[in-house]
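The values are calculated or read from the model by the stated rules, or taken from the named source; none is laboratory data. On a predicted model such as this, the values are computed, not experimentally measured, just so you know. All Cβ positions, glycine included, derive from the backbone under ideal geometry; neighbour counts span all protein chains shown. Side chains included, ligands, DNA and RNA excluded: accessible areas come from the protein's heavy atoms. Shrake-Rupley method; radii C 1.70, N 1.55, O 1.52, S 1.80 Å.
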Amino acid sequence: MKSLSLKSLLPHLLVHVLFIGILIIFYAPITKGKKLSQNDVVQSGAALKESAEYTKKGGEEILWSNSSFSGMPVWRGYSANLISYVQKSALAVLPVPVYMSYLAFLGFYILALTLGANVLISLLVSAAFALTSFNIVSIEAGHINKVLAMATMAPIIAGVILVYDKKYWIGAFVAAFFLGLHIYFAHYQISYYLLITLLFYVGYKIYQVIRTKSYKDFITGSALLIGVAIISILPNISSIITNYEYSKSTTRGGSELTAAKKEGGGLDKEYAMSWSNGITEIFTMYIPYFHGGASGEELDQSSATYKALVANVDRAQAKQFIKRIPLYWGDQPFTSGPVYFGAIIIFLFTLGMFLIKDPSKWIWLAIAVFSFMMSWGKNIEWFSDLLFYHFPLYNKFRSVTMAVSIAQFVFPLIACIALVKVVQPELERENAQKALIKAFSVCAGFALLMLITGTMWFDFTSANDAQTQLPEWLLEAIKEDRISKFRGDAIRSLFFVILAAALVWAIIKQKLEIKYALIALTVLVVIDLFVVDKRYLDENDFVKVKGNIVEKAIPKTDQDEEILADKGYYRVLNLTKSPFNDATTSYYHKSIGGYSAIKLSRYQDLIENQISKNNIEVMNMLNTRYIITSPREEGAEPVVQRNPSAYGNAWFVKQTKIVQNADEEIKALDSISPMNEAFVDVRFAKAGKEYTLDSSSYIKLMEYHPNHLKYESNAAAEQFAVFSEVYYQPGWNAYVDGKLTPHVRVDYILRGMELPAGKHEILFKFEPEHYIQSEKVAYAGSFFWIAFLLGSLFMSIKKKDMLASN
């Protein structure tokens, strides 16, 4: 490594400016005032609108919201975390999509420098990583934290490599900075994959240490990295603790119902593995249309599908239909696009496997293969069962296709090492030429094989085709287009490999200056990925909007206006949407549905066992005052129905009945009369009790706030009150006339408590102690993290081991 100077820094700055320019071209609609319309951003924005409004109004951090699933925590653990200012500073300069892609570029650029790459090689492989289609498709979908977490994997690996290479201080700085950011982004599934990668790498280092007996350096580096991990966790401790505590009560923690209970908790296996790559689907990393692309892609009028449609329906219908054709024929339920690493990167990776003599290449290959095997999920059941049932926390995650996030940085990593070797003056040119011939034979040969014999290996159909209910003649035409796309991309990948091989040959044979060859390779890589990415993120994904993109995506309807005329506090069921997979209703109303992968497990039980079976009494006890239904006549407006039976915010019951377990409690709801009885788990009370009601007794909501609810009650005798609010502990506390008073869970999901005779004020406050205390630690930890970064940066400058090009 060389120390950095102002002169040596300039080329690095120029390539970063250049890549930002490429990103601005890629996301060109943002220069016209347009914003990217991302489904998950819209869903999240709708679910969090209530908390955002109350925070803006009162400055108070909102920890609970009643907008989705009748109420759930919305804490983020960000208020005391000063790492948030890193993100805010970046977003003040760069638009969100540009920032996400640039962070991926920056992170990999640091890894490339760590591996000994010069500026041009670093530009090439970093651009390839940033423009990998998995990143772009995820950005289009709005998986923001996933993309940001993936973007920080490479620099964390770089920091670890530097530390074990005895570049202690700069390695610690890089690892601490990006690990702090990575944990801040709070995508624990990607963090899990990062941990697996680190375990593989550290295992390899241990093997090296045992062989060379260099124990001291390894122990020093490992101790420093453990310290880095702790320091990076501290600012994020609130988010980690609250998510851990909450996860116990969510679908990730499992259900108490016997029929749904699993040993060790976690998700249902079928649900967790529902998004699994087909075994051959990994070849989309080389030929993007290997499995058809996306579940809905637009075809042109030269396609077989359009011609078949014109022969059977009118042209207007045909033009409309070809805008969204199910080209994807893989094993997943649906997909927004393939995982494409780039034909040139695959070629350079293959070259690296033949050219690189360092045995470390095998550990990186093993890591990549392991990630592919994880992504195969249900399609390699013996392996997925081993992980799902025996690996800690593995059963908490779904969509195992995300495991390719490991391979997508391993391939450009090996490509980077290969190029570093190719441009070295001391290159063994004869051996390099042999490696080039082998790599070209493998990559070009595979593309040719698929081009010539692809229809012999595959039938270009999937189980999903039957669900489309399209006529056979149309499916045959679609199949013909799938084959055409497959062959077209095989030729395309072959073309890029030929050009890349020619440029590498020119370097090896010294027929072309290295810098010109690398620039040409970089241009080819960018064009290759740019064009494929544009299939899945183009002008149509942007909308012209001033202000809130979420509000633009969820316009207020006449039905919303009709319901909002009621200024009370109640809930809404919207049957014109998929109510439990859509949060848009939450933007204007308190919804009994929503969109979340971390909803409370008890609420999911209620959905599956009661709400989905149209148990009106359960909807009544959730205070579902309005139901939006689809019209019977085609083209008519949706209809708002007021439910006169909704029980309101709270009520007194005549008796409590004890149930022995969750099974009994959920079953009791089949025939419950919520206004008269409340079912209480035996863990809260040992015996039921009867109460005397009189006409003058009442309990009513006096003040609503997401973090606290105030009621007033009055009764001549002791009463038992049921509140149409979700029970959640630890977190909610109840106070009667200012005195902390126990409350219990009733009717499987609601809150209930015994109230003394007379007039009283009841106040529910959401004040989770673990959150309050961890926020204090996070605040102090943020300053410690900053101090460590400044100290390690100072020491690295002092010791002159800053990253630099060779």
Could you list, in sequence order, the residues of the range 565-575 that are basic (Lys, Arg) and open to solvent by less than 20 Å² (accessible area, probe 1.4 Å)? Arg571
Need the failing condition index for Ser274 against (1) open to solvent by 40 Å² or more (accessible area, probe 1.4 Å); (2) of a type outside the set (A, V, I, L, M); (3) farther than 21 Å from Leu529 by Cβ; (4) assigned to a loop (DSSP other than H, G, I, E, B), just the number. (1)
Using the structure shown, decide if Ile62 is touching a residue at least 24 places away in the same chain (Cβ under 8 Å), surrounded by 18 or more Cβ atoms within 10 Å (Cβ to Cβ) and either more than 26 Å from Pro730 (Cα to Cα) or not polar (S, T, N, Q) (or both). yes
Scan of the range 628-657 for residues that are within 30 Å of Ala757 (Cβ to Cβ) and either in contact with a Cys (Cβ under 7 Å, 6 or more places away or on another chain) or of a type in the set (Ser, Thr, Tyr) (or both), ordered by number: Ser645, Tyr647, Thr656
Assigned to a loop (DSSP other than H, G, I, E, B), touching an Asp or Glu at 6+ places or on another chain (Cβ under 8 Å), under 30 Å from Thr585 (Cβ atoms) and not small (Gly, Ala, Ser) - does that describe any residue in the range 524-540? yes
Using the structure shown, decide if Val163 is under 24 Å from Tyr340 (Cα atoms), modelled with pLDDT of 95 or more and either open to solvent by less than 10 Å² (accessible area, probe 1.4 Å) or not in a helix (DSSP H, G or I) (or both). no
Per the list (1) closer than 27 Å to Ala407 by Cβ; (2) surrounded by fewer than 18 Cβ atoms within 10 Å (Cβ to Cβ); (3) modelled with pLDDT of 95 or more, residue check on Gln208 breaks on (3)
Selection over the range 219-233 where residues are under 23 Å from the mean Cα position of the chain (by Cα) and open to solvent by 10 Å² or more (accessible area, probe 1.4 Å) yields a count of 2
Filter the range 78-102 for residues that are under 19 Å from the mean Cα position of the chain (by Cα) and either among the aromatic types (Phe, Trp, Tyr) or surrounded by fewer than 23 Cβ atoms within 10 Å (Cβ to Cβ) (or both) and give the result. Tyr78, Ser84, Gln87, Val96, Val98, Tyr99, Tyr102
Give Ala415, Ala439, Ala435, Ala447 a once-over and let me know the one that is within 30 Å of Ala154 (Cβ to Cβ), within 32 Å of the chain's Cα centre (by Cα) and in contact (Cβ under 8 Å) with a residue 60 or more places away in the chain. Ala415
Which of (1) surrounded by fewer than 17 Cβ atoms within 10 Å (Cβ to Cβ); (2) touching a Leu at 6+ places or on another chain (Cβ under 9 Å) is the odd one out, the single condition Ile498 does not satisfy? (2)
Only one of Glu245, Glu281, Glu298 that is under 30 Å from Ile749 (Cβ atoms) and of a type outside the set (S, T, N, Q): Glu245
Among Gln408, Gln467, which is the only one that is assigned to a helix (DSSP H, G or I) and touching a Phe, Trp or Tyr at 6+ places or on another chain (Cβ under 9 Å)? Gln408
Residue check: is Leu499 within 19 Å of Ala444 (Cβ to Cβ) and touching a helix residue (DSSP H, G or I) at 6+ places or on another chain (Cβ under 9 Å)? yes
If I go through the range 636-663 residue by residue, how many of them are over 25 Å from Glu256 (Cα atoms) and hydroxyl-bearing (Ser, Thr, Tyr)? 2
Take Ser67 and decide whether it is touching a residue at least 40 places away in the same chain (Cβ under 8 Å), touching a strand residue (DSSP E or B) at 6+ places or on another chain (Cβ under 7 Å) and part of a loop (DSSP other than H, G, I, E, B). yes
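Residue-by-condition table, conditions (1) touching a helix residue (DSSP H, G or I) at 6+ places or on another chain (Cβ under 9 Å); (2) without any contact (Cβ under 8 Å) to a residue 60 or more places away in the chain; (3) open to solvent by less than 40 Å² (accessible area, probe 1.4 Å):
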site: Tyr704; (1), (2), (3): no, no, no
site: Ala721; (1), (2), (3): no, no, yes
site: Val736; (1), (2), (3): no, yes, yes
site: Lys765; (1), (2), (3): no, yes, no
site: Val777; (1), (2), (3): yes, no, no
site: Ile786; (1), (2), (3): yes, no, no
site: Leu789; (1), (2), (3): yes, no, yes
Matching residues in the range 128-150 - criterion: being open to solvent by 10 Å² or more (accessible area, probe 1.4 Å) and in a helix (DSSP H, G or I): Phe134, Val137, Glu140, Ala141, Ile144, Asn145, Lys146
Could you say which residue among Phe334, Phe372, Phe354 is aromatic (Phe, Trp, Tyr), surrounded by fewer than 22 Cβ atoms within 10 Å (Cβ to Cβ) and touching a Lys or Arg at 6+ places or on another chain (Cβ under 9 Å)? Phe354
Qualifying positions in the range 390-405 - of a type in the set (S, T, N, Q) and part of a helix (DSSP H, G or I): Asn395, Thr401, Ser405
Of the residues in the range 511-550 that are free of Cβ contacts under 8 Å to residues at least 60 places away in the same chain and more than 23 Å from Ser133 (Cβ to Cβ), the one that is surrounded by the most Cβ atoms within 10 Å (Cβ to Cβ) is Ala517
Given the conditions (1) more than 28 Å from Ile110 (Cβ to Cβ); (2) assigned to a helix (DSSP H, G or I); (3) under 21 Å from the mean Cα position of the chain (by Cα), every one holds for Ala368 apart from (1)
Out of all the residues in the range 568-601, which are aromatic (Phe, Trp, Tyr) and within 23 Å of Phe723 (Cβ to Cβ)? Tyr569, Tyr570, Phe580
Residue under question is Glu562, and the condition is that it be surrounded by fewer than 15 Cβ atoms within 10 Å (Cβ to Cβ) and in contact with a strand residue (DSSP E or B) (Cβ under 7 Å, 6 or more places away or on another chain); does it hold? yes
For Phe411, indicate whether it is crowded, with 20+ Cβ neighbours inside 10 Å and under 21 Å from Val137 (Cβ atoms). yes
Of the candidates Ala92, Ala80, the one satisfying the condition of being modelled with pLDDT under 95 and out of contact with any helix residue (DSSP H, G or I) (no Cβ under 8 Å at 6 or more places or on another chain) is Ala92
When you look at Ser462, is it in a loop (DSSP other than H, G, I, E, B) and surrounded by 13 or more Cβ atoms within 10 Å (Cβ to Cβ), yes or no? yes
Selection from the range 277-286 of residues that are assigned to a loop (DSSP other than H, G, I, E, B) and either within 14 Å of Ala407 (Cα to Cα) or touching a Lys or Arg at 6+ places or on another chain (Cβ under 8 Å) (or both): Asn277, Tyr286
